[in-house]
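What follows is a set of notes on a single structure, which appears directly below.
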Amino acid sequence: MILVVGGTGTIGSEVVRLLKAENAPFQALVRDPAKADGLKAQGVETVAGDLRQPETLPEALQGAEKVFVVTPLVPDQVQMRANLIAAAKTAGVKHVVMSTGIGAAPDAPVQIGRWHGENQKQLQESGMAWTFVQPGFFMQNLLMYAEAIREKGEFYMPLGEGKVSWIDARDIAAVAAKALTEPGHEDQAYPVTGPEALSGAELGTILTEIAGHTVNYVPISLDQAKQAMTSMGMPEMLAEAMNELYALAPAGHLAGVLDTVEKVTGRPARSFWQFAQDHARAFKKD
């Protein structure tokens, strides 16, 4: 039995879909009963639990041999994952597949990398088998700008002229699903990227083609980005951590391209053009 933690999010929902398509035995951990209804409507079996309430985890982990976990960027994400790792070890889980981040390590140069690295170290020292799926920037992040793209023909990011090897979250999930359902992925770290590194202007060119109207990339400063993130309710410490990542782009540190997705899944990672085509309705004017 596989327990999926984070099964309603961008990556986790696709892991759920893929496991269901494979008829793999799994359950999804849910904290919010309203979200449980959505999973149940898909025929997904759910169990109640909350990573912030460790006392709820032993029952949720009963019978689980493998666990997939992805958590949102929140101030207490390290403790949330630590709670799960400890409970999984006690419950006799054999293998944990965890979505972290490319370059994650306890001594990573950016805070988010160090947070992920701390949990990776905890899992490696737990005695359970582990697999780390380590993505960079998600193509799905562009969907946050869908309204601005439709109405103004613009999207805004503090990447300067730097290029990013954007990855489709569906490919992140595909790598995780392979690790959960096939042998041979134990104790492996899989940094994953898309098939090409693209600048903001190049994203705009592709979106223009797909949307059928001009779409321009508007570079903004890190201060403007922080203000935008905090105005949407993101805690200041997380906005600053995100800006550390954005600041890597102009120097080319986000442009590396790897073929991990193809090596693990047997097919190439999706291109940004494919992503934009699949989500064309979000970007086209009404």
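If eta is 1.306 mPa s and T is 10 °C, what Stokes-Einstein diffusion coefficient results for the chain, Kirkwood Rh from Cα pairs, in µm²/s? If you can, show how the numbers build up before the last one.
Numbers: Rh = 19.6 Å.
Translational D for this selection: 81 µm²/s.
If we count other beta carbons within 10 Å of each Cβ, what is the order of 57, 29, 18, fewest first? It would help to have the intermediate numbers written out before the result.
Working: 57 23, 29 27, 18 18.
Lowest count first: 18, 57, 29.
Roughly speaking, what is the stretch gain from residue 209 to residue 244, that is 0.36 nm per residue apart minus the C-alpha to C-alpha distance, in nm to one decimal?
Stretched fully, the residue 209-residue 244 segment lengthens by 9.5 nm.
Under a GNM of the chain (C-alpha, springs under 10 Å), which listed residue has the highest mean-square fluctuation: 96, 74, 30?
Maximum among the listed residues: 74.
At 0.36 nm per residue, minus the direct Cα-Cα distance, what do residue 265 and residue 278 gain on full extension? Give it in nm, one decimal, please.
So the chain would gain 2.7 nm between residue 265 and residue 278.
Using a Förster distance of 25 angstrom, determine the FRET efficiency expected from the C-beta separation of residue 32 and residue 59, and round it to 0.05.
Rounded to the nearest 0.05, the efficiency is 0.90.
Given the Cα-Cα distance of residue 286 and residue 20 and 0.36 nm per residue of separation, how much length would full extension add, in nm? Please list the in-between numbers first.
Numbers: separation 266, 0.36 × 266 = 95.76 nm, distance 3.37 nm.
Here the segment from residue 286 to residue 20 would lengthen by 92.4 nm.
Once label points are set 7 Å from the Cα along Cα→Cβ at both residue 125 and residue 187, what is their separation, rounded to one decimal in nm?
My value for the distance between the label points is 1.8 nm.
How far, in degrees from 0 to 90, does helix 200-211 lean away from the longest principal axis of the Cα atoms of the chain, to the nearest 10?
Here the helix axis deviates by roughly 90 degrees.
Lysine pairs, Cα distance under 25 Å, 8 or more residues apart or cross-chain: how many in the chain?
Total qualifying Lys-Lys pairs in the chain comes to 29.
Sorted from fewest to most neighbouring beta carbons within 10 Å, what does the list 52, 17, 170 look like?
Lowest count first: 52, 17, 170.
Suppose we keep just the alpha-carbon trace of region 172-286; what are its Rg and Dmax in angstrom?
17.3, 48
Readers should treat all values here as calculations from the given coordinates under stated rules, not as data from a laboratory. None of these values were measured; they are calculated from a predicted model. FYI the Cβ positions are ideal-geometry reconstructions off the backbone, even for glycines, and counts take in every protein chain you see.
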